[in-house]
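Read the structure below first, then the notes.
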Amino acid sequence: MKLLKSILVAVDFTDSSDNVLKNSIRFAKTFKSRITLIHVLPDDINNKKVSDLLEKTVNTKLNALNERIVKEGLEAGPPILEHGNHCDKIVRTSEKIGANLIMIGSGNKLAGDAFQLGSTAEKMIRKSNQPVFVIKNGDTLSLKNIVCPVDFSKESSRALNSAIIIARMVGAKLTVLSVYPPFRYDSIEFNMAEINELRQKEYRQEFKKYMEGFNLIDLDYDQHILGGKPSEEILKLIKKENADLLIMGTTGKSGISKILMGSVTEKVVREVPCSFITVKNEDVVAFELESKIQDIENHYDLAQKLFSKGFYEESIQQYKVCLNLNIMHVPALMGIAKAYQKVGDSENAIKHNSMANRILERIENMKIEQEVRQQINR
């Protein structure tokens, strides 16, 4: 099972870049991802000797970092050296190698700066269709609290799906937040409080219906519906929850889609105090189950792992593969019964549990019959 197959990591050999690589390795271990390194040199080096020497030095450094990745037990793609515009080359390379995620540093901003995000990282978020994971300087990704704002757009739905999977995989608490701007109209005097109370009630109903489309069973999560300016409320909650990671769609109802990054997202990622992932047209993580596995025990083990992480629908599919190979595989029957119970399908849970019990009863009767025959033949 691969959830995040390929990560492209941009490095520039600074201390900040080393921190990005450390966190990339940690993240890749959780998701069994392949890491590909990229470094981009300027294309205006006119002296060939200088250019050749610089390329040789960079390639040596990239190969050394690649060895470090391999020593950590991870798959490493061939390191890539490009020349030209930093953002353009990274974005194009991510598309070329089919990366699921780009990991970069936040830039050389100090923690006390009003705007935390570097210009390179901001341009990357604007230009990339792939999700971008921005690591704040000095951050160590020991993920315990993840925040995901939603505005019911398809981009925020992708972000929430990924946030749920990441939270399950790392055992983190997930906080889902949605903010509606209160209604204001100063030209006419009328009961504003009553209007906003009705607005809040309608928004809560919309939020409840929206959340029904996501698998939150057995997940440690919380949810908040707040009225106010979205960017301000998101930043307040991140600080209040002491969040380790923000996962956010880059466009949506509250955004300005024609400039590729919503105004709310732009404000939040510039000032957010933690590392963050932005999601646009592609999911960060998605299930890619190995279809070539034939051994029933491999499918059963995979089903058990999926169940343990709370991926009940996916575990049902793997239990079904086991039963297609052997309809009398009792562990798979019992496993699928538990999974159906988790997703609220009591009818199928009872059906498969009964099948397992009948098979166990038959096996027990066969054992008794065999013992009786042995006694008779003595």
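The values are calculated or read from the model by the stated rules, or taken from the named source; none is laboratory data. This structure is a prediction, so every number in the text was calculated from the model and none was measured. Note that each Cβ is placed from the backbone with ideal geometry, even for glycine, and that neighbours are counted across all protein chains shown.
Taking the criterion of being in a helix (DSSP H, G or I), of a type outside the set (Val, Ile, Thr) and either surrounded by 21 or more Cβ atoms within 10 Å (Cβ to Cβ) or modelled with pLDDT under 85 (or both), the residues of segment 169-205 that qualify are MET192, ALA193, GLU194, ASN196, GLU197, LEU198, ARG199, GLN200. Return the residues of segment 1-59 that are within 20 Å of GLY171 (Cβ to Cβ) and not basic (Lys, Arg); say none if nothing qualifies. Listed by number, the residues that qualify are MET1, LEU3, LEU4, ASN23, SER24, ILE25, PHE27, ALA28, THR30, PHE31, SER33. Scanning segment 58-84 for residues that are among the small types (Gly, Ala, Ser) and part of a helix (DSSP H, G or I) gives a single hit, ALA64.
Within segment 93-123, take every residue that is among the aliphatic types (A, V, I, L, M) and modelled with pLDDT of 85 or more and give me the one that is surrounded by the fewest Cβ atoms within 10 Å (Cβ to Cβ). Step through it out loud before you land on a result.
Taking segment 93-123 and keeping what is among the aliphatic types (A, V, I, L, M), we get 97, 99, 101-104, 110-111, 114, 117, 121.
Going one step further and asking which of them are modelled with pLDDT of 85 or more, we end up with 97, 99, 101-104.
Details: ILE97: 15, ALA99: 28, LEU101: 28, ILE102: 24, MET103: 24, ILE104: 28.
So, considering only residues that are among the aliphatic types (A, V, I, L, M) and modelled with pLDDT of 85 or more, the one surrounded by the fewest Cβ atoms within 10 Å (Cβ to Cβ) is ILE97.
The set of residues in segment 20-57 that are out of contact with any Lys or Arg (no Cβ under 9 Å at 6 or more places or on another chain), in a helix (DSSP H, G or I) and closer than 19 Å to ILE102 by Cβ comprises VAL20, LYS22, ASN23, SER24, ARG26, PHE27, LYS29, THR30.
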